[in-house]
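Data first, discussion second: the structure below is written as structure tokens.
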Amino acid sequence: MPLPLLPTTIVGSYPQPDWLIDRERLKASLPPRVRVQTLWRVAEPWLADAQDAATLVAIRDQEEAGIDIVGDGEMRRESYSNRLATALSGIDIDNPGAAMDRTGKLNPVPRVTGPIARIGPIEAQDVAFLKRHARGPVKITLPGPFTMTQQAQNDYYASDEALAMAYAEAVNDEIRDLFAAGADIVQLDEPYLQARPDAARDYALAAIDRAIAGAGGRTALHVCFGYAHVHQGRAKPRGYDFLAELDACAVDIISIEAAQPRLDPATLAGLFSKTVMYGVLDLNDPNPETPQGVAERIRGALEHIPAERLIIAPDCGMKYLSRETAFARLRAMAEGAAIVRAELAI
């Protein structure tokens, strides 16, 4: 199915139902880096079926809202990163380590005690399910090697760079299986590129390029300032400390949070060889955007990047919204993109 000009998508997450996960507990703490099975409201024998049912809801909501590239809403995850990060060999899941979160707090994290390797496919069945039930192109997300390195206690490798390259090898194995299962886009989530720009300059691009080498499909990379829900009351920077550098990496699409930090659209000029997935929904604002407001943000971006290289998305963190609010905002986003698309066709 061909995509329209200015296609729309979600970044990754969508609200999980209250009958599936304890949303109040989820919102009351930092996104977990280790597994927290007690968050799930459904017992293990029926959990996978419940997660499938919630994924169907997320797919249909996106399609009814008018979203062009559909994701699974990360219904099967406690956080964007912990499902894959704790499924690898070399991790002592019974004795977590600790690492500083980007908010400045210590957080339990995977403790690396041996060689990192993928034991087997982790999300391939999720892609197959998504592809089977979605009507159009699909996207799947997984944590990137640099961010997983920052979210781990390294008790094995000689350096964090060596750990990142080991994660990259495991991620590469997973990405190949995700494309084989039918993914149209595979997205690496790398928020810590912004949080740790000095380390990112040392070894992040090499790790990212190794992770997607020979991937076999279109790849994306997401970078942001952190969830609006987690950073409530904190002003976000107006610009990225590590963004233009990503134009040199091998990924096809760079996904950026832009609405909440009121990012200057001129920033997009630094990504002159990439397609940009541009955040137009400020999830920290309790007043949902109108289609006209979304259209205005898109027009601002188009002053610095051609429409052929622009994908429209929310800022990240939709999982913390109510389903009703998330759906309304996605619909406004799709309608806003349609307004600009019609203007460009005149």
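Below, the figures for the structure above:
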| read-out | value |
| --- | --- |
| Checking Pro286 against (1) under 21 Å from the mean Cα position of the chain (by Cα); (2) closer than 30 Å to Asp22 by Cα, the condition it does not meet | (1) |
| Residue among Tyr192, Tyr167, Tyr227 that is under 25 Å from Ala98 (Cβ atoms) and either modelled with pLDDT under 95 or surrounded by fewer than 21 Cβ atoms within 10 Å (Cβ to Cβ) (or both) | Tyr227 |
| Pairs, first of a type in the set (Ser, Thr, Tyr) in segment 175-200, second in a helix (DSSP H, G or I), C-beta under 9 Å, six or more apart | Tyr192/Phe146; Tyr192/Thr147; Tyr192/Met148; Tyr192/Thr149; Tyr192/Gln150; Tyr192/Ala199; Tyr192/Ala200; Tyr192/Ala204 |
| Criterion violated by Ala199 - all others in (1) within 19 Å of Ile140 (Cα to Cα); (2) crowded, with 17+ Cβ neighbours inside 10 Å; (3) over 18 Å from the mean Cα position of the chain (by Cα) satisfied | (1) |
| Sole exception among (1) surrounded by 20 or more Cβ atoms within 10 Å (Cβ to Cβ); (2) without any contact (Cβ under 8 Å) to a residue 24 or more places away in the chain; (3) of a type in the set (A, V, I, L, M, F, W, C) for Ala162, by number | (1) |
| Set Arg35, Arg60, Arg76, Arg23: member being under 21 Å from the mean Cα position of the chain (by Cα), without any contact (Cβ under 8 Å) to a residue 24 or more places away in the chain, surrounded by 17 or more Cβ atoms within 10 Å (Cβ to Cβ) and closer than 26 Å to Asp315 by Cα | Arg23 |
| Some residue of segment 206-213 being assigned to a loop (DSSP other than H, G, I, E, B) and farther than 21 Å from Pro261 by Cβ | yes |
| Every pair of residues 6+ apart whose Cβ atoms lie under 9 Å, when the first sits in segment 314-330 and is among the β-branched types (Val, Ile, Thr) while the second is assigned to a loop (DSSP other than H, G, I, E, B) and buried (at least 16 other Cβ atoms within 10 Å of the Cβ) | Thr325/Pro15; Thr325/Pro288 |
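Residue by residue, here is whether (1) touching a His at 6+ places or on another chain (Cβ under 6 Å); (2) assigned to a helix (DSSP H, G or I); (3) β-branched (Val, Ile, Thr); (4) within 30 Å of Ser79 (Cβ to Cβ) holds:
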site: Pro286; (1), (2), (3), (4): no, no, no, yes
site: Glu296; (1), (2), (3), (4): no, yes, no, no
site: Arg299; (1), (2), (3), (4): no, yes, no, no
site: Asp315; (1), (2), (3), (4): no, no, no, yes
site: Ala328; (1), (2), (3), (4): no, yes, no, yes
site: Arg331; (1), (2), (3), (4): no, yes, no, yes
site: Gly336; (1), (2), (3), (4): no, yes, no, yes
site: Leu344; (1), (2), (3), (4): no, yes, no, no
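The values are calculated or read from the model by the stated rules, or taken from the named source; none is laboratory data. On a predicted model such as this, the values are computed, not experimentally measured, just so you know. Please note: Cβ atoms are built from the backbone with ideal geometry, for glycine as well, and neighbour counts cover all protein chains shown.
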